[in-house]
Amino acid sequence: MAQQANIGDLLSMLDSPVLSVRDDVTAVFKENLTSDRGPVLVNTLVDYYLETSSQPVLHILTTLQEPHDKHLLDKMNEYVGKAASRLSTLSLLGHVIRLQPSWKHKLSQAPLLPSLLKCLKTDTDVLVLTTGVLVLITMLPMIPQSGKQHLHDFFDIFGRLSSWCLKKPGHVTEVYLVHLHASVYALFHRLYGMYPCNFVSFLRSHYSMKENLETFEEVVKPMMEHVRIHPELVTGSKDHELDPRRWRRLETHDVVIECAKISLDPTEASYEDGYSVSHQISARFPHRSADVTASPHVDTQNSYGSATSTPHSISRLTLSNTPGQLPQTLSSPPTRLLTEPPQVWCQIVCLLSSLLAGDADHLGQI
């Protein structure tokens, strides 16, 4: 395997229909990755995956250990800079970070993070934007200290994509805008949950401008109706929530739970310490609650089942058996999405989470 000519043969054998062959070849690759600390093999694996979407190669890439984490991040950063490979690379990044690798803390210092933020601030491909936002939402609880350096970028991205939800660019189909809108809603929850003082300050400043007022009324204000007053707005400060010492005592799941506690969405809000409000939402929207409960596609008891919460989200939606079709709950995008109750949002976000966690490469085929 040391010879480059043999790597191609082994790569093709990774997709062998014979399980024992795949296992043996995978073991060979992992053994070589342990002994060879250079970037060549990782680069070859990334190239092959982006060309073929090979699941055995994806398994190898998502289980890489140091020092190959740097090689992987550098190679993905290279491909994010190319429009043709951007979507597939962001999907790969989503697969990697969903498993919370041991080196996840390095994401905040990797060149890939600024590249991701630049993409979200400038790209015009709605599929890239939706996938990128979901990746960012998943990544933020792993690197909460990055807010000190990139907070204004996070807010600029939210402001930009919120306006997209209102302007509805003519070249973007309605169903893709539904996906993007749900992703922006999830980003709102994440930023408000992690950086409430700074985020509210941004909202006050950004949406006090006349040109942004309509976006606030139509897009952002309805999102605010589904969160409680954050305790940090009373006891915290803009400086405190960016202090690295605030985050040292919190693991990724702790950050996720803290975000969930301030949500009023029944599948997002924490069911601990009296924070559950599902019965309140059910009372407010009885007809919608009945519909959701009766649906075979949704598990309303999944406390942290949306992309707005945990990086390990697992969708309870069943995708259509017909390729290219949406599940039943999204087959007809609502005309008044902004006023739909939280259950509808949760269904959409769960679908997006499913696509990112399990098959994000197929988002463009919906």
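Peptides 12-18, 91-97, 143-149, 182-188, ordered by how many other C-beta atoms sit within 10 Å of their residues on average, highest first, read 182-188, 91-97, 143-149, 12-18. You can think of it this way: the chain between K30 and E66 has 11.7 nm of extra reach, that is 0.36 nm per residue less the Cα-Cα gap.
Basic side chains Lys and Arg get +1 at the Cβ, acidic Asp and Glu get -1 at the Cβ, and with that the dipole of segment 1-105 about its Cα centre reaches some 400 debye.
Rounded to the nearest 0.05, what FRET efficiency do N43 and S201 have when you use their Cβ-Cβ distance and R0 = 41 Å?
Computed FRET efficiency for N43 and S201 comes out at 0.45.
Any of K167/K261; K30/K261; K148/K221; K104/K210; K75/K221 with alpha carbons more than 30 Å apart? Name them for me. Going by Cα-Cα distance, K167/K261; K30/K261; K104/K210; K75/K221 fall outside the 30 Å limit.
Computed from the mean reciprocal separation of all distinct C-alpha pairs, what Kirkwood hydrodynamic radius does segment 1-105 have, in Å?
Computed over segment 1-105, the radius equals 14.0 Å.
Inter-part distance, segment 1-55 to segment 106-141, computed on C-alpha centroids, equals 28 Å. Of the solvent-accessible surface of segment 1-105, computed with a 1.4 Å probe and all protein chains present, 54% belongs to carbon and sulfur.
The values are calculated or read from the model by the stated rules, or taken from the named source; none is laboratory data. Quick caveat, the model's predicted, so the values are computed rather than measured. All Cβ positions, glycine included, derive from the backbone under ideal geometry; neighbour counts span all protein chains shown. Note: areas computed on protein heavy atoms with side chains; ligands, DNA, RNA excluded. Shrake-Rupley method; radii C 1.70, N 1.55, O 1.52, S 1.80 Å.
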